[in-house]
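*Asks:* Below you will find the structure I want to go over with you.
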Amino acid sequence: MKKILYFLILASLFSCDFILKNPTSDEEVLDSIVGNQVNDDKNENGCDLKAGYKWSNMTKKCVRVFDEGYRLTSIEKDTLGKGKNAYFFVDEDSLIAEVFLPDSKESIIFTRENEDDNFKFKNFEFRTKKGFNLYYNETLMFQPAIPVDTKVLGKDEEH
């Protein structure tokens, strides 16, 4: 009899705790999960963000920078030893260049006076001699992506 009494007291304490905490409903939990996700499929210009499109201020259309642009690799490496990539487009008249920096929502439009000058925007300089290099305050930040050539030794069956 004492065991049943202890069990009932214990059960009532847990149930009071549950009632007083005001448990969240399934709808509230679902709203919090959905609220943490990217809900926008398109940006203000109609570019499909989930498909990797960004708005190009130079071409005035949605572009996939990793498909259509030229890649630059960061000098700085992350904790895994990998660099982030920036992408650029150069206008046909070569007086305007557009650069998409990693993790940036907007691109940067660089300009120059003539084809012999470097492209500039505030403290940035986009140099075109000896490859395309992006500098910030005279410090090299991005350089052309260098392909890595791996050699295969022997045949797969031997390993």
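*Asks:* Given the criteria open to solvent by 60 Å² or more (accessible area, probe 1.4 Å) and either of a type in the set (Phe, Trp, Tyr) or touching a Lys or Arg at 6+ places or on another chain (Cβ under 9 Å) (or both), does PHE88 qualify?
*Replies:* No.
*Asks:* Right, another one. Just one of (1) touching a residue at least 40 places away in the same chain (Cβ under 8 Å); (2) open to solvent by 40 Å² or more (accessible area, probe 1.4 Å) trips up THR73, so point out which.
*Replies:* Going through the list (1) touching a residue at least 40 places away in the same chain (Cβ under 8 Å); (2) open to solvent by 40 Å² or more (accessible area, probe 1.4 Å), THR73 breaks only (2).
*Asks:* Being closer than 27 Å to TYR136 by Cβ and at pLDDT below 90 narrows it down to one of LYS2, LYS60, LYS84, LYS21, so name that one.
*Replies:* LYS84
*Asks:* Quick one: would you say ASP149 is over 20 Å from the mean Cα position of the chain (by Cα), surrounded by fewer than 16 Cβ atoms within 10 Å (Cβ to Cβ), modelled with pLDDT of 80 or more and not β-branched (Val, Ile, Thr)?
*Replies:* Considered against the rule, which asks whether it is over 20 Å from the mean Cα position of the chain (by Cα), surrounded by fewer than 16 Cβ atoms within 10 Å (Cβ to Cβ), modelled with pLDDT of 80 or more and not β-branched (Val, Ile, Thr), ASP149 comes out as no.
*Asks:* Shifting gears a bit: Given the conditions (1) open to solvent by 70 Å² or more (accessible area, probe 1.4 Å); (2) modelled with pLDDT under 90; (3) closer than 18 Å to ASN43 by Cβ, report the number of the one that HIS159 does not fulfil.
*Replies:* Of (1) open to solvent by 70 Å² or more (accessible area, probe 1.4 Å); (2) modelled with pLDDT under 90; (3) closer than 18 Å to ASN43 by Cβ, only one is false for HIS159: (3).
*Asks:* Now for a separate question. Being part of a strand (DSSP E or B) and open to solvent by 40 Å² or more (accessible area, probe 1.4 Å) is the filter here; which residues of the stretch 94-105 pass it?
*Replies:* ILE96
*Asks:* Does the stretch 111-130 contain any residue that is under 20 Å from LYS60 (Cα atoms) and not in a strand (DSSP E or B)?
*Replies:* Yes, the conditions are met somewhere in the stretch 111-130.
*Asks:* Collect the residues in the stretch 58-69 that are surrounded by 14 or more Cβ atoms within 10 Å (Cβ to Cβ) and not aliphatic (A, V, I, L, M), keeping them in residue-number order.
*Replies:* CYS62, ARG64, GLY69
*Asks:* Continuing with the same structure: Of everything in the stretch 122-135 that's open to solvent by less than 90 Å² (accessible area, probe 1.4 Å) and farther than 16 Å from VAL90 by Cα, which residue is nearest to the chain's Cα centre (by Cα)?
*Replies:* The residue in question is TYR135.
*Asks:* Checking LEU30 against (1) of a type outside the set (Phe, Trp, Tyr); (2) at pLDDT below 80; (3) exposed (fewer than 10 other Cβ atoms within 10 Å of the Cβ), which single condition isn't satisfied?
*Replies:* With respect to (1) of a type outside the set (Phe, Trp, Tyr); (2) at pLDDT below 80; (3) exposed (fewer than 10 other Cβ atoms within 10 Å of the Cβ), LEU30 is out only on (3).
The values are calculated or read from the model by the stated rules, or taken from the named source; none is laboratory data. The shown structure was predicted, so the numbers you read here are calculated from the model rather than taken from an experiment. Using ideal geometry, Cβ is built from the backbone for each residue, glycine included, and neighbour counts are taken over all protein chains shown. Please note that ligands, DNA and RNA were not included when accessible areas were found on the heavy atoms of the full protein model with its side chains. Shrake-Rupley method; radii C 1.70, N 1.55, O 1.52, S 1.80 Å.
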